[in-house]
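The values are calculated or read from the model by the stated rules, or taken from the named source; none is laboratory data. Because the structure is a prediction, the values reported are computed rather than measured. Methodologically, a virtual Cβ is constructed for each residue, glycine included, from the backbone with ideal geometry; neighbour enumeration extends over all protein chains shown.
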Protein chains: 2
Amino acid sequence: MLIEEMIRDVERELLRLLSEQERPSALVEAMRWAVEGGGKRIRPRICLAAAVAAGGTATDALLPACAVELLHSYTLVHDDLPAMDNDAERRGKPSVWAKFGEANAILAGDALQALAFTALAQTPEHRIGARAKMIEFFGRCALGVVRGQVEDIVPGTKDVPFIYEHKTADLFMAAAVTGALAGGGDDASVEKLRLYAYHLGLAFQYEDDLLDDDSPFSRDETLRLVQSETDAALAALSGLPGDATSLAELARVLVNRTR
Amino acid sequence: MLIEEMIRDVERELLRLLSEQERPSALVEAMRWAVEGGGKRIRPRICLAAAVAAGGTATDALLPACAVELLHSYTLVHDDLPAMDNDAERRGKPSVWAKFGEANAILAGDALQALAFTALAQTPEHRIGARAKMIEFFGRCALGVVRGQVEDIVPGTKDVPFIYEHKTADLFMAAAVTGALAGGGDDASVEKLRLYAYHLGLAFQYEDDLLDDDSPFSRDETLRLVQSETDAALAALSGLPGDATSLAELARVLVNRTR
């Protein structure tokens, strides 16, 4: 599968971006620890596959794919902090603050967010203005993720759809839209791919609730939601100029993790 | 003075950017608290004046001026955190974490950084590619500020010039370079203005050391450094296509705070 091969290029490019800074070594090591944590690289996959579905190549979206993973990594580093979820472990390893201290973890997260935008600013563009659109949309999603996280931690009644839309779907949308724009997608293709990612993000989050046994809804209701959001994601893929097979496959893999 | 009038526009534009998000209110309030803290808006002034010196107008640099202030504000919010400098006050008011809690302060800082890049991505460009250059340079400076901060807090011998270059001069350079690019400056003008800001940033930092009575060098040596960096900043301003009077005046005001 082409996307699988490209993911190795994303890993290499991430390391290159991280190794542009040599010092201070405490910062560089903390940033690497955060990014090399062994994640599934779902968002870079969406990004690369969106470039293909929009009529471009996966290579077009190499830098945006890195940018979304850098952004995702920073949110995890900050989420784990003692003042937030207070998680000393992530994926079976010490979390960044547990290994490098709180101050370094805050700063490593800050640096990862800056690096994400820097990577995006270096993306070649097929259409004039595509890169600016990419960065503006990505910025709104980066802000959206924070909005979702604040809603999640604020005491009192939570607006669950708001949290899911922003904490999860915004990053999926950032991946799809930057990938589509980098691949030279026209407005209609970009919008289809944004919709795909929106619904996939929600399906993914509901599926996560099932896996964590932590759903705000009944199990049957959550299964129904996963199904309807997945159907909506797949429906959004029709009529794209490029091959959307990888995106359809990704949707099916992501929402069948429990079954 | 034109720059003074434009600063009021910057204040209004900052409020507009901040009010685009309506919720969660905890986040919006914390972001406003951080930005409305009554700072001197030095970096937006540099940005606006750099656009003029590069041959454009201050209005060209309205969004970059907001972006540098948003970035500066986020660094202050994170610097004040208990895990960092542990400052419960800033400019005579509770710091963001003291007023809104640590988690909200971390997240408000994160959101301010994202908003800075979003503002930059919306900047009109006079030359094709100027906006991408702006964002890439800004991103490197945003990363640089974090590198300087990590070097500052890491235990052991500190590389003082490295800290000053990154913690202070990088943000001054981000202001001057984004302003120059937004004003339509050519490569030579942008480089002159980058140099101006680099030296002004160092002069400003040495002057700050004098004010805080916290210099790594003797008072005489620090005074000499302030003078030589100011001279270098002023020298960089010759041969610019636009009016550099405001930048020269700014340099003289900033480095005469003790005398």
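Per-structure values
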{"item": "Among the candidates A:A61, A:A119, A:A49, residue that is among the small types (G, A, S), closer than 21 Å to A:I7 by Cα, part of a helix (DSSP H, G or I) and at the interface with chain B (Cβ under 10 Å from one of its Cβ atoms)", "result": "A:A119"}
{"item": "Enumeration of residues in the range A:134-149 that are in contact with a Pro (Cβ under 9 Å, 6 or more places away or on another chain) and in contact (Cβ under 8 Å) with a residue 24 or more places away in the chain", "result": "A:M134, A:F138"}
{"item": "Residues of the range B:10-23 that turn out to be of a type outside the set (V, I, T) and within 17 Å of the chain's Cα centre (by Cα), as a count", "result": "3"}
{"item": "Where a residue in the range B:121-133 is closer than 19 Å to A:F117 by Cβ and modelled with pLDDT of 95 or more and its partner, wherever it lies, is crowded, with 16+ Cβ neighbours inside 10 Å and of a type in the set (K, R), with Cβ under 6 Å and at least six apart", "result": "B:T123/B:R131"}
{"item": "Any hit, the range B:95-111, residues being under 21 Å from A:L120 (Cβ atoms) and of a type in the set (D, E)", "result": "yes"}
{"item": "When residues of the range B:25-40 are limited to those that are out of contact with any Asp or Glu (no Cβ under 9 Å at 6 or more places or on another chain) and surrounded by fewer than 19 Cβ atoms within 10 Å (Cβ to Cβ), the one nearest to the other protein chains (Cβ to nearest Cβ)", "result": "B:S25"}
{"item": "Enumeration of residues in the range B:79-105 that are in contact with a helix residue (DSSP H, G or I) (Cβ under 6 Å, 6 or more places away or on another chain), assigned to a helix (DSSP H, G or I) and either among the aromatic types (F, W, Y) or facing chain A (nearest Cβ under 10 Å) (or both)", "result": "B:W97, B:F100, B:A103, B:N104, B:A105"}
{"item": "Verdict on A:L193 being touching a Leu at 6+ places or on another chain (Cβ under 9 Å), in contact (Cβ under 8 Å) with a residue 12 or more places away in the chain and crowded, with 23+ Cβ neighbours inside 10 Å", "result": "yes"}
{"item": "Matching entry among A:D152, A:D170 (being within 14 Å of another protein chain (Cβ to nearest Cβ), in a helix (DSSP H, G or I) and touching a residue at least 24 places away in the same chain (Cβ under 8 Å))", "result": "A:D170"}
{"item": "Residue in the range A:1-41 that is modelled with the highest pLDDT, counting only those that are under 17 Å from A:L247 (Cα atoms) and in contact with a Leu (Cβ under 7 Å, 6 or more places away or on another chain)", "result": "A:M6"}
{"item": "Selection within the range A:183-209 - within 18 Å of the chain's Cα centre (by Cα) and of a type in the set (G, A, S)", "result": "A:G183, A:A197, A:G201, A:A203"}
{"item": "Subset of the range A:1-40 that is in a helix (DSSP H, G or I) and of a type in the set (D, E) - its residue that is nearest to A:A119 (Cα to Cα)", "result": "A:E13"}
{"item": "Any chance B:R43 is in a helix (DSSP H, G or I), within 8 Å of chain A (Cβ to nearest Cβ) and either in contact (Cβ under 8 Å) with a residue 12 or more places away in the chain or surrounded by fewer than 23 Cβ atoms within 10 Å (Cβ to Cβ) (or both)", "result": "no"}
{"item": "Residue that is surrounded by the fewest Cβ atoms within 10 Å (Cβ to Cβ) [pool: residues in the range B:140-149 that are closer than 16 Å to A:L17 by Cα and more than 8 Å from chain A (Cβ to nearest Cβ)]", "result": "B:G144"}
{"item": "Residue in the range B:198-208 that is farther than 16 Å from B:R43 by Cα and polar (S, T, N, Q) present", "result": "no"}
{"item": "Any hit, the range A:149-167, residues being under 21 Å from B:L70 (Cβ atoms) and among the small types (G, A, S)", "result": "no"}
{"item": "Residue selected from the range A:210-251 under the condition out of contact with any helix residue (DSSP H, G or I) (no Cβ under 9 Å at 6 or more places or on another chain) and closer than 20 Å to A:I42 by Cβ, by the criterion surrounded by the most Cβ atoms within 10 Å (Cβ to Cβ)", "result": "A:L211"}
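Quick grid of which residues meet (1) over 16 Å from the mean Cα position of the chain (by Cα); (2) surrounded by fewer than 22 Cβ atoms within 10 Å (Cβ to Cβ):
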residue	(1), (2)
A:A105	yes, no
A:Q113	no, no
A:A121	yes, no
A:G129	yes, yes
A:F138	no, no
